[in-house]
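Student: To start, I am sharing the structure in question, which I have written as structure tokens.
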2 protein chains.
Amino acid sequence: MSSTLQTIRFGPHRILTSQIFFTSKLSYGLVNLKPIARGHVLVVPKRLVPRFADLTPDEVSDLFLSTQTIGRVIEKHFLGEALTMAIQDGPAAGQTVPHCHVHIIPRRFRDWANNDDIYAELDHTKVDNEARTPRSEEDMAAEADQLRPLFDQYQDC
Amino acid sequence: MSSTLQTIRFGPHRILTSQIFFTSKLSYGLVNLKPIARGHVLVVPKRLVPRFADLTPDEVSDLFLSTQTIGRVIEKHFLGEALTMAIQDGPAAGQTVPHCHVHIIPRRFRDWANNDDIYAELDHTKVDNEARTPRSEEDMAAEADQLRPLFDQYQDC
């Protein structure tokens, strides 16, 4: 996959394809601009729809088969002991990018002082309040480059 | 569906079928013993597996097509403005029942003082600490009775 100046849509944003580490027929796996933990990645349907209910059955299946594959690989790669998987489905649930997506976060015992403080980190208000510094394009591309070979056997296209 | 003394397995627990409001080919929709919000329900694969990675492709698709259907109906019924959907996939992610399941929680703006405090509520330590009182079987059966007709058109079996 060429990464030079090619982009995909993620809500109103344009994401460089250098940040994509996984592609299925109907979904992408993206590294994250502001990860809340190492290995926090996103799974995004190729078609831009805001809500989970907007997805077709084929898109739902592809999104979560992709999530299963990515979760399995990411957990192992980042030495996780478990995974948190979540959809913030609508602004009232903390969704900030109006393009349906699944968060996958590798977890370890005691990774947060209180196990589920992780979820507050997903909150847009918290992200905004803490002004978490976005990573550089180079950092994200480097992570995607590292992950992409792990998925060679799973790529649909 | 007869609800008298019939049970299904949910991890090590036996769940009365009176608490089931939705059935697809491979999944159930259950009301919740300790909901953290009105309309907080669970979607559970019929086959007992602890982790999301253990599900077959057909089970993954069925689980999330069921989640989509249930989410759409539950959000409307409980006057939600959004949904939180989450899998605590493994004990290190807060999973307390070792049987893979999806949480669906209708959300509204300002339903928690801080939008994503909801997630801390999903934490088993918090649940345990607060000693949230479990609902009675009668309460749960009454809610399932109320919900079941909303899914008549979706039942696979």
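Student: Of the residues A:E75, A:E138, A:E121, which exhibits the maximal mean-square fluctuation in a Gaussian network model of chain A defined by a 10 Å Cα contact cut-off?
Tutor: Result for chain A, Cα springs under 10 Å: A:E138 fluctuates most.
Student: Something else now. In a Debye calculation with equal point scatterers on the alpha-carbon sites of the protein assembly as shown and no solvent, what is log10 I(q)/I(0) at q = 0.08, 0.15, 0.16 Å⁻¹?
Tutor: Log10 of I(q)/I(0), two decimals: -0.34, -1.24, -1.42.
Student: Taking the Cα centre of chain B as origin, sum charge times position over the Cβ atoms of Lys and Arg (+1) and Asp and Glu (-1), and report the length of that vector in debye to the nearest 20. Working shown, then result.
Tutor: Numbers: 17 positive and 21 negative charges, 26 e Å.
Dipole magnitude for chain B comes out near 120 debye.
Student: Next question. Mind counting lysine pairs for me in the protein assembly as shown? Cα separation below 20 Å, and the two need to be 8 or more apart along the chain or on different chains. Before the final figure, lay out the partial values.
Tutor: On the way: A:K25/A:K46; A:K34/A:K126; B:K25/B:K46; B:K34/B:K126.
Counting lysine pairs in the protein assembly as shown gives 4.
Student: For a quick check, take a GNM of chain B with Cα springs below 10 Å and name the residue from B:Q95, B:Q146, B:Q19 with the largest mean-square fluctuation.
Tutor: B:Q146
Student: Once B and A are treated as a pair rather than alone, how much accessible area drops out, both sides summed, in Å² to 100, probe 1.4 Å? Don't skip to the answer; put the middle values down first.
Tutor: Numbers: alone 8500 and 8480 Å², together 13960 Å².
Answer for the B-A pair: about 3000 Å² buried.
Student: Per residue of B:140-146, what is the mean number of Cβ atoms on other protein chains within 10 angstrom of that residue's Cβ?
Tutor: Across the residues of B:140-146, the mean count of other-chain Cβ atoms within 10 Å is 0.
Student: Starting from a Cα-only point model with no solvent, please compute log10 I(q)/I(0) by Debye for segment A:7-154 at q = 0.15, 0.17, 0.19 1/Å.
Tutor: For segment A:7-154, the Cα-only Debye profile gives -0.75, -0.99, -1.27.
Student: To confirm my reading of the symmetry, which residue of chain A has the Cβ nearest the axis that brings A onto B, and what whole-Å distance does it have?
Tutor: A:Y119, 1
Student: So, one more: Once the whole set of protein chains is in place, how much accessible area is left on A:Y154, using a 1.4 Å probe, in Å² to the nearest 10?
Tutor: 70
Student: Dipole size in debye (nearest 20) for the protein assembly as shown around its Cα centre, Lys and Arg Cβ +1, Asp and Glu Cβ -1? Write out the running numbers ahead of the final one.
Tutor: Values: 34 positive and 42 negative charges, 40 e Å.
My answer is approximately 200 debye.
Student: From the label point of A:P12, set 7 Å along Cα to the beta carbon, how far off in nm is each other copy's matching point, shortest first?
Tutor: 5.0
Student: While we're looking at this one, here's another question. Hey, in the GNM for chain A with a 10 angstrom Cα cutoff, which one of A:V44, A:V73, A:V31 fluctuates hardest?
Tutor: Per the Cα network of chain A with a 10 Å cutoff, A:V73 tops the list.
Student: Dipole magnitude of segment A:1-94 about its Cα centre, charges +1 at Lys/Arg Cβ and -1 at Asp/Glu Cβ only, in debye to the nearest 20? Each step should come with its number before you reach the end.
Tutor: On the way: 10 positive and 7 negative charges, 63 e Å.
Rounded to the nearest 20 debye, it is 300 debye.
Student: Something else now. On average, how many beta carbons from a partner chain sit within 10 Å of the beta carbon of a residue in A:50-57? Present the calculation step by step, with values, prior to reporting the outcome.
Tutor: Details: counts 0, 6, 7, 8, 1, 3, 1, 4.
Rounded to a whole number, the mean comes out at 4.
Student: Let me ask something else about it. Run the label-point distances for A:Y154 please: 7 Å along Cα to Cβ, every other copy, nanometres, shortest first.
Tutor: Here A:Y154 shows inter-copy label distances of 2.6 nm.
Student: For label points placed 7 Å from Cα toward Cβ, what is the shortest-first list of nm distances from B:R72 to its copies?
Tutor: Taking the point 7 Å beyond Cα along Cα→Cβ, the inter-copy spacings are 2.9 nm.
The values are calculated or read from the model by the stated rules, or taken from the named source; none is laboratory data. Note that the structure is a prediction, hence the values are computed from the model and not measured. We place every Cβ from the backbone using ideal geometry, glycine too, and count neighbours over all the protein chains shown. The area values use the complete protein model at the heavy-atom level, side chains included, leaving out ligands, DNA and RNA. Shrake-Rupley method; radii C 1.70, N 1.55, O 1.52, S 1.80 Å.
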